[in-house]
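Working notes, structure below.
The values are calculated or read from the model by the stated rules, or taken from the named source; none is laboratory data. Bear in mind that the values here come from a model prediction, so they are computed numbers and not experimental data. All Cβ positions, even for glycine, are placed from backbone atoms using ideal geometry, and neighbour counts span all protein chains on display. The area values use the complete protein model at the heavy-atom level, side chains included, leaving out ligands, DNA and RNA. Shrake-Rupley method; radii C 1.70, N 1.55, O 1.52, S 1.80 Å.
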Amino acid sequence: TPGDLDHIFFTNGGADAIEHAIRMARLHTGRYKVLSAYRSYHGGTHLAINLTGDPRRIPNDHGDAGVVHFMPAYPYRSYFGSATGEEETARALRHLEDMIVLEGPANIAALVLESVPGTAGIYVPPPGYLEGVRELTRKHGIVFIADEVMAGFGRTGKWFAIEHWDVIPDLLTFAKGVNSGYVPLGGVAISGAVFDTFRDRVYPGGLTYSGHPLACAAAVATITAMAEEGMVENAARLGEDIIGPRLREIAARHPSVGE
């Protein structure tokens, strides 16, 4: 894990990792509201589906989960009329800060964002966007949660997708790739500052199967194999040398390909 995300709370999967990350942020800050992007997916449990920004949320959304959605940076079909990635970053960050100010920074516990969205369309944030989000959360005392359930463990050519940018979140959620799905396992990687909250104040959350020996053994075996066989480096090579150039050729050749 990047930075000082050196403490792990194990869960059964990605959705409950998100649930516990939000609970930690609320207890750490004493605040309740949570910001989440439209065009996102964070899981199928009650709070996770309310955080989600795709239509599966709508039948389950009664407006009582403390979630406020914002428009993400979306270069493919910009919500802000941007013509370049730089414009998209500037306009999306201005929109996000407006949302923070209008909702009241002192009311917002966390902002959760997929480093690279998965289910809603795999769109890479434009240059400077994640760095700007990190700066806004730091400025307003908001816990920044990176959802790496889909993008983590080598999917982007780094162990975690957020490592492509100079950003270290306060909390990082993971699942799926940690043990290739052989046995259900997820978790929250916790920064030192958030972990300190629970040194003397017991974290009020636990799971019967948290840290299950079989699931964790599968994780150790998977991570060892990924490291020994150079899987993360191979994913980077595939993206940089093979798939990426071909996708750019297709985009240059087909007017229907926008990003």
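Among the residues of segment 90-108, is there at least one that is assigned to a loop (DSSP other than H, G, I, E, B), in contact (Cβ under 8 Å) with a residue 12 or more places away in the chain and open to solvent by 50 Å² or more (accessible area, probe 1.4 Å)? No - not one qualifying residue is present in segment 90-108.
For segment 207-227, residues that are under 23 Å from the mean Cα position of the chain (by Cα) and not in a helix (DSSP H, G or I) total 3.
Quick grid of which residues meet (1) more than 23 Å from M24 (Cα to Cα); (2) assigned to a loop (DSSP other than H, G, I, E, B):
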site	(1), (2)
L111	no, no
T119	yes, yes
L130	no, no
E135	no, no
T156	yes, yes
I162	no, no
V167	no, yes
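Only a single item in (1) without any contact (Cβ under 8 Å) to a residue 60 or more places away in the chain; (2) closer than 20 Å to G43 by Cα is not met by S210, and it is number (1). Looking across V183, V232, one residue alone is surrounded by 12 or more Cβ atoms within 10 Å (Cβ to Cβ) and in contact with a Phe, Trp or Tyr (Cβ under 7 Å, 6 or more places away or on another chain). It is V232.
Quick check: anything in segment 191-206 in a helix (DSSP H, G or I) and of a type in the set (G, A, S)?
For segment 191-206, residues in a helix (DSSP H, G or I) and of a type in the set (G, A, S): present.
Looking across segment 201-226, the residues that are more than 14 Å from P184 (Cα to Cα) and loosely packed, with under 13 Cβ neighbours inside 10 Å come down to R201, V202, P204, G206, T224, A225.
The set of residues from segment 150-188 being more than 22 Å from G121 (Cβ to Cβ), within 14 Å of the chain's Cα centre (by Cα) and not small (G, A, S) comprises W159, I168, D170, L171, V188. Scanning for something in a helix (DSSP H, G or I) and not aliphatic (A, V, I, L, M), does segment 67-81 turn up at least one residue? No, because not a single residue in segment 67-81 is in a helix (DSSP H, G or I) and not aliphatic (A, V, I, L, M).
In segment 161-173, what residues are open to solvent by 10 Å² or more (accessible area, probe 1.4 Å) and either aromatic (F, W, Y) or at pLDDT 95 or above (or both)? Correct list: E163, H164, W165, I168, D170. From the set of residues in segment 15-50 that are part of a loop (DSSP other than H, G, I, E, B) and under 14 Å from L113 (Cα atoms), which is most open to solvent (accessible area, probe 1.4 Å)? The extreme case among them is Y38. The set of residues in segment 51-80 being open to solvent by 50 Å² or more (accessible area, probe 1.4 Å) and touching a residue at least 40 places away in the same chain (Cβ under 8 Å) consists of Y76, R77.
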